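Worksheet: one structure, shown below.
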Amino acid sequence: MATYDFLFDGLGLRDWCDAGKTGDAPQSMANLLAKGGAGKDTPWWEFPFPSLDALNEACARIVQSRDMTKAVEDGFLAIKDVLRFVLDPMTQPLSWILDFALLVFEAAPWWVMFPILMAVVYLATKSVRLIGFVTACIAFLAFIDHYGFAMQTLAIIFVCAFLCVLFGVPIGIAMSRSDRMQRMTIPVLDMLQTLPPFVYLIPLIFLFSVTEPKLYGIAIILYAIVPVIRLTDLGIRLVDRDVIEAADSFGMTDRQKLFGVQIPLALPNIMAGVNQTIMMSLAMVVIASLVSAPGLGVLVLRGIRNLELGVGLISGLGIVLLAIVLDRVTKAALDRVNAARKV
Amino acid sequence: MTGTVKIAIRSLYKIFGHDPQAALKHVQGGVSKTDLLEQYGHVLGLQDINVEMRESDITVIMGLSGSGKSTLIRHLNRLIEPTSGQVEVDGEDVLAYGEQRLRTLRRESMSMVFQKFALLPHRTVAENAGTTLQVRGVRQRDYLKDAWKWLERVGLGGYENHYPHQLSGGMQQRVGIARALTSNSPIMLMDEAFSALDPLIRTDMQDLLLELQKELHKTIVFITHDLDEALKLADRLVILKDGYIVQQDEPQHILLNPNDPYIEDFVSDINRARVLRVRSIMTPLNGGDLPDDAQGEVDINDTLEDTIARSGGDTSHSYVVTREGTPVGVLEMTNLVKALVPRVASEAGARKY
Ligand SMILES: Nc1ncnc2c1ncn2[C@@H]1O[C@H](COP(=O)(O)OP(=O)(O)OP(=O)(O)O)[C@@H](O)[C@H]1O
Ligand SMILES: [Mg+2]
């Protein structure tokens, strides 16, 4: 006697249910346990929610929850080959780029890398103090022999953040120009932003081989691209309507308007998006070490796995230092843009 | 005042809402602006506008906030599409223009000056002033040269490499004017161009505009809600109310013969002696003899204020009116005094004293 028998009896579906009965359907643990107590009246406060499993007890035709889980898995496995056939070649360049970047960052000797990083910081911020700060941080990491790991992490972040900007800005522009596009894109962005990072990894692991860099590359890009898209869209939509009207009144073409007015005026917002994108890449690169992303994340993982407290904490400190460096540099670049266009 | 018609607007209607064409039928059937909004949910922007703007004139469009001034001026370069009616520039139907032709019109025939300046904050003053040429594909070196010239002309020499945020509001609007002038277009559209400036700067800018106009003879459409400004600048004054034209004429004529209580109320508050000119109230000679008892000569374009100062307040005087030295009329001080009294006294004024 199952709780929901009355439902199917009442609806006159008993025959339909029994016709589907196979008798020796695999039993779940809960079922077996419940068997022992069968016949006893369940007290009213234990009246079960009409879940798939509860309904299945009353009518074998209703699937069990684990069948649904199985179906999802089967479905994914069924389309996996097709997906892989399409996605694999498409994303192959990502592997190459990541491999190349890692190679360059690892191969370059520290006395070449330091001046290059200093030059980049100077170009972005024009601030001598920041150069000093960045050099001190990297030098400290090198001093405690974490330089190689830090460079691997940096290489991955550079590549992924660059690609995020490359794809994110055009998507953001497209969103800002069409309300329909915006309505369609926002749910996807919301999903990407709320899914826990680990969840991205699950389907990706099935699609690509774990040894390939593009696996973590895609995970990082999907996770980090959201802010730059959102802020590009927002930035362009926030451009002063009067200025747009002026641009129209001078007979600007859409193209002239986009590159001469909208993007320059949205630049502070776009840069804020880039800053967030970089920070999120950094967060994800640590998690991505679960799927063979090299860098400081590997050490953190070792710290957790082998309970090597010191290793975990020191590499964590390294990540914090990198985060501060990246944040300061991008923020300073943003401030420089802002200062030139106070309204 | 003798120039050819540069811009003609004929029976123009503009209705905002989801089905303007249906609403247009109601409006033409006599539904008022308030009723249209309450019963049909449409906003009547403009109704039955007929204006001709002459070459080299400053046509001022005046009206209270929400009367449809901005809507009207934006029809001239089709930043807003009309619901029905015609807009002609140089005899050509602008509404028939395709995208390409319209762009050429905006680039070469018209330039606009905005209330909020609408400068590009990331470009220098000179680059801003050159925008109108840059849009046409002129090379940077060439457009900067023109931009420098016009910046100099509006009194901003030396600021070419500053950024807009480094300038005061008045200076920013000078850049806006320089930008419009750089385009070298015959028509200038100015939507409340001076309304955001404080009164002293505003007077400066009005003087600048008049001075430039003396030399350049552009066809200017100027929008304002300020009567003093309108009277100072206008060759022709168009007064809008709730989207329709209440009166359009030479400003002096409107001042002396307001045809609507709305305008009477408007004009009752201003200093008539400073605005009215001798030509509006003199008696023309028409070949008649000069009076022997005239106290002297006044110029036809003198203000009444000047004349009162000369007469020392004596209302028995009369003057010979001259244009460029030749007598053309007679001015009786008694007529002058009459002209100073508006037909309707200002309510605000009455309350004050
Ligand atoms: N896009 C629009 N949608 C709906 N109604 C509009 C729109 N643009 C203007 N209107 C309406 O048209 C009328 C005229 O507006 P307009 O901006 O031309 O007034 P204005 O005379 O320029 O006023 P102001 O002095 O405040 O600038 C107003 O009632 C306004 O509410
Ligand atoms: Mg307006």
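The values are calculated or read from the model by the stated rules, or taken from the named source; none is laboratory data. Just so you know, these numbers come straight off a predicted model, no measurement behind them. Heads up, the Cβs are rebuilt from the backbone with ideal geometry, glycines too, and the neighbour counts pull from every protein chain shown. Side chains included, ligands, DNA and RNA excluded: accessible areas come from the protein's heavy atoms. Shrake-Rupley method; radii C 1.70, N 1.55, O 1.52, S 1.80 Å.
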Determine if the range B:188-206 includes at least one residue that is in contact with a Lys or Arg (Cβ under 6 Å, 6 or more places away or on another chain) and more than 21 Å from B:ASP146 (Cβ to Cβ).
-> yes
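Within the group A:MET252, A:MET271, which residue is among the hydrophobic types (A, V, I, L, M, F, W, C), within 14 Å of another protein chain (Cβ to nearest Cβ) and more than 21 Å from B:LEU119 (Cα to Cα)? Before you say what the answer is, go through the steps one by one.
Numbers: A:MET252 fails: more than 21 Å from B:LEU119 (Cα to Cα).
It is A:MET271.
What do you reckon, is A:ILE319 more than 14 Å from chain B (Cβ to nearest Cβ), assigned to a helix (DSSP H, G or I), on the phi < 0 side of the Ramachandran plot and buried (at least 18 other Cβ atoms within 10 Å of the Cβ)?
On the way: more than 14 Å from chain B (Cβ to nearest Cβ): yes; assigned to a helix (DSSP H, G or I): yes; on the phi < 0 side of the Ramachandran plot: yes; buried (at least 18 other Cβ atoms within 10 Å of the Cβ): yes.
The answer is yes for A:ILE319.
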Among the residues of the range B:96-137, which ones are hydroxyl-bearing (Ser, Thr, Tyr) and either free of Cβ contacts under 8 Å to residues at least 40 places away in the same chain or within 16 Å of ligand 1 (Cβ to nearest atom) (or both)?
-> B:TYR97, B:THR104, B:THR124
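Which of the following residues is β-branched (Val, Ile, Thr), in contact (Cβ under 8 Å) with a residue 24 or more places away in the chain and surrounded by fewer than 23 Cβ atoms within 10 Å (Cβ to Cβ): A:ILE229, A:ILE263, A:ILE244, A:ILE220?
Working: A:ILE229 fails: surrounded by fewer than 23 Cβ atoms within 10 Å (Cβ to Cβ); A:ILE244 fails: in contact (Cβ under 8 Å) with a residue 24 or more places away in the chain; A:ILE220 fails: surrounded by fewer than 23 Cβ atoms within 10 Å (Cβ to Cβ).
Every option except A:ILE263 fails the conditions.
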Working only within the range B:69-95, note down all residues that are near ligand 1 (Cβ under 10 Å from one of its atoms), among the aliphatic types (A, V, I, L, M) and open to solvent by 20 Å² or more (accessible area, probe 1.4 Å).
-> B:ILE80
Report, ordered by the first and then the second residue, all pairs with beta carbons closer than 8 Å, sequence separation of six or more or different chains, a first member in the range B:190-217 that is within 25 Å of B:ARG54 (Cα to Cα) and acidic (Asp, Glu), and a second member that is within 16 Å of ligand 2 (Cβ to nearest atom) and open to solvent by 50 Å² or more (accessible area, probe 1.4 Å).
-> B:ASP191/B:GLN115; B:GLU192/B:GLN115; B:GLU192/B:HIS225
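Take the residues of the range A:121-150 that are aliphatic (A, V, I, L, M) and touching a residue at least 60 places away in the same chain (Cβ under 8 Å): which is farthest from A:ILE319 (Cα to Cα)? If you could, list the steps in order and put the result at the bottom.
Narrowing the range A:121-150 to residues aliphatic (A, V, I, L, M): A:121, A:123-124, A:128, A:130-131, A:134, A:136, A:138-139, A:141-142, A:144, A:150.
Add one more test, that the residue is touching a residue at least 60 places away in the same chain (Cβ under 8 Å), and what stays is A:121, A:124, A:130, A:134, A:138, A:141, A:144, A:150.
Values: A:VAL121: 18, A:ALA124: 21, A:LEU130: 18, A:VAL134: 14, A:ILE138: 11, A:LEU141: 10, A:ILE144: 13, A:ALA150: 8 Å.
Filtering the range A:121-150 for residues that are aliphatic (A, V, I, L, M) and touching a residue at least 60 places away in the same chain (Cβ under 8 Å), the one farthest from A:ILE319 (Cα to Cα) comes out as A:ALA124.
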Does B:GLU192 satisfy being within 14 Å of chain A (Cβ to nearest Cβ), within 11 Å of the chain's Cα centre (by Cα) and within 16 Å of ligand 2 (Cβ to nearest atom)?
-> yes
Failed condition for B:GLY98, given (1) of a type outside the set (Asp, Glu); (2) surrounded by fewer than 17 Cβ atoms within 10 Å (Cβ to Cβ); (3) over 30 Å from B:ILE15 (Cβ atoms); (4) out of contact with any Pro (no Cβ under 7 Å at 6 or more places or on another chain) | (3)
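For the range B:30-49, what are the residues that are farther than 14 Å from B:SER67 by Cα and open to solvent by less than 70 Å² (accessible area, probe 1.4 Å)? Reasoning before the result, please.
So in the range B:30-49, the residues farther than 14 Å from B:SER67 by Cα come out as B:30-31, B:35-42.
Result: B:GLY30, B:VAL31, B:ASP35, B:LEU36, B:GLY41, B:HIS42.
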Has the range B:172-190 got any residue that is within 16 Å of ligand 1 (Cβ to nearest atom) and open to solvent by less than 10 Å² (accessible area, probe 1.4 Å)?
-> yes
Considering only residues that are within 14 Å of chain A (Cβ to nearest Cβ) and among the hydrophobic types (A, V, I, L, M, F, W, C), look in the range B:131-150 and name the one that is nearest to A:THR253 (Cα to Cα).
-> B:VAL135
Out of the residues in the range B:198-251 that are within 16 Å of ligand 2 (Cβ to nearest atom) and assigned to a loop (DSSP other than H, G, I, E, B), state the one that is surrounded by the most Cβ atoms within 10 Å (Cβ to Cβ).
-> B:GLY243
Taking A:ARG336, is it closer than 29 Å to A:PHE140 by Cα and surrounded by fewer than 22 Cβ atoms within 10 Å (Cβ to Cβ)?
-> yes
Count, please, the residues in the range B:50-68 that happen to be open to solvent by 50 Å² or more (accessible area, probe 1.4 Å) and within 11 Å of ligand 2 (Cβ to nearest atom).
-> 3
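Taking the criterion of being out of contact with any Gly (no Cβ under 7 Å at 6 or more places or on another chain), within 16 Å of ligand 2 (Cβ to nearest atom) and closer than 22 Å to B:LEU231 by Cβ, would at least one residue in the range B:72-91 satisfy it? Please lay out each step first, then the result.
Our first condition is that a residue be out of contact with any Gly (no Cβ under 7 Å at 6 or more places or on another chain); within the range B:72-91, this holds for B:72-91.
When the remaining residues are screened for being within 16 Å of ligand 2 (Cβ to nearest atom), the result is B:72-77, B:79-80.
Now restrict to residues that are closer than 22 Å to B:LEU231 by Cβ: B:72-73.
The answer is yes, given that some residue of the range B:72-91 is out of contact with any Gly (no Cβ under 7 Å at 6 or more places or on another chain), within 16 Å of ligand 2 (Cβ to nearest atom) and closer than 22 Å to B:LEU231 by Cβ.
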